Amino acid sequence: MDSEYILIVSDPDPVATAVAKRWGTPAATEWRVQGSPIRAVRSGVYLLRRPGWHIHDEHLDRLIPAELAARRPALVFPSIHRSERGVAALTVHPLGNPGVSNDVGGEPHHLNPTAPRLMTAALRSLAEEAKSLGVPATFEATHHGPALDLPAFFAEIGFPEHEEPPPDAVRILARALSDLTATVGDRVAVGAGGGHYAPHFTDLALKRRWAFGHILSRHALAVADREIAESAYALTPGAEGIVFARAEDAEGSVWTGVGGRLKDSGA
């Protein structure tokens, strides 16, 4: 099932716990992870609560019962989003560390598998609902942990520090994440270049028919090497090539021979 996924609720995260309250206590399946039941939100959508911080829940997927893990469900993490400016936003992003730092979880110089069609579906759902809040919904570039072998992404609510998660944003995120269906008819690509909040790739996903897996920002490309470029492409299932935010982002040898260069007007 292309849209099968597990919602991972990190108990220390205020957004994750607020969103989980809106889902209630779904029926438990026979599957357990370290004694905690995997619950069925609806057909193909599961819920697992974890006691620690998600960004450091390294290789959580290896604990998932083999019968379920073999179907390669995506892991979807509702989360708080923090920025230096405390910007209000709804964001989604893939996971991994293009450089050697793993200060925010994951492994150095390691990218996770992505779920481009499901992640893009999440962005579109959040963007439609966010209009009533007057806040943007956007991709972010690939960053932070945990390190995983199953496809995964974070879906986040940003709000000013020292405040509670906005109830309307919590409602929107809860509704969107409980009813995702992978997009069809999109061209799939890796995004390269641009800023961390990836406005170019967000616009392409919302206004055209592009779905993105890994998105490596201009800052990430400054520390990435050929191995990371190849990983970004290989771990974006269905990718036809690379879409660059600007022509200058295509310069340099890191992308030579990795996929093909796609025109953003091509979908």
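The values are calculated or read from the model by the stated rules, or taken from the named source; none is laboratory data. Keep in mind that what you see is a predicted model, and the values were worked out from it rather than measured. Reconstructed Cβ throughout: ideal geometry from the backbone, glycine too, with neighbour counts over all protein chains shown.
What are the residue pairs meeting all of these: first residue in the range 235-252, first residue under 25 Å from T183 (Cβ atoms) and surrounded by 13 or more Cβ atoms within 10 Å (Cβ to Cβ), second residue at pLDDT 95 or above and polar (S, T, N, Q), Cβ atoms under 6 Å, and 6 or more apart or on different chains?
Close Cβ pairs satisfying both conditions: L235/T114; T236/T114.
Could we say that E251 is at pLDDT below 95 and out of contact with any helix residue (DSSP H, G or I) (no Cβ under 6 Å at 6 or more places or on another chain) here?
Against the criterion (at pLDDT below 95 and out of contact with any helix residue (DSSP H, G or I) (no Cβ under 6 Å at 6 or more places or on another chain)), E251 qualifies.
Looking at the range 74-87, is at least one residue within 18 Å of A122 (Cβ to Cβ), among the aliphatic types (A, V, I, L, M) and touching a Ser or Thr at 6+ places or on another chain (Cβ under 9 Å)?
The answer is yes; a qualifying residue exists.
Give the residues of the range 99-132 that are touching a helix residue (DSSP H, G or I) at 6+ places or on another chain (Cβ under 8 Å) and assigned to a loop (DSSP other than H, G, I, E, B), sorted by residue number.
Across the range 99-132, the qualifying residues are G99, V104, G105, G106, H109, S132.
Applying the selection to the range 223-241, what residues are within 16 Å of L150 (Cα to Cα) and among the aliphatic types (A, V, I, L, M)?
A232, A234, L235
When you scan the range 1-97 for strands (runs of 3 or more DSSP E) that lie fully inside it, which ones turn up with 1 or more residues that are more than 16 Å from the chain's Cα centre (by Cα), hydroxyl-bearing (S, T, Y) and surrounded by 13 or more Cβ atoms within 10 Å (Cβ to Cβ)?
So the answer is 28-33, 36-42, 45-50.
Considering only the range 103-116, state which residues are surrounded by fewer than 24 Cβ atoms within 10 Å (Cβ to Cβ) and more than 16 Å from L216 (Cβ to Cβ).
Passing the criteria: D103, V104, G105, E107.
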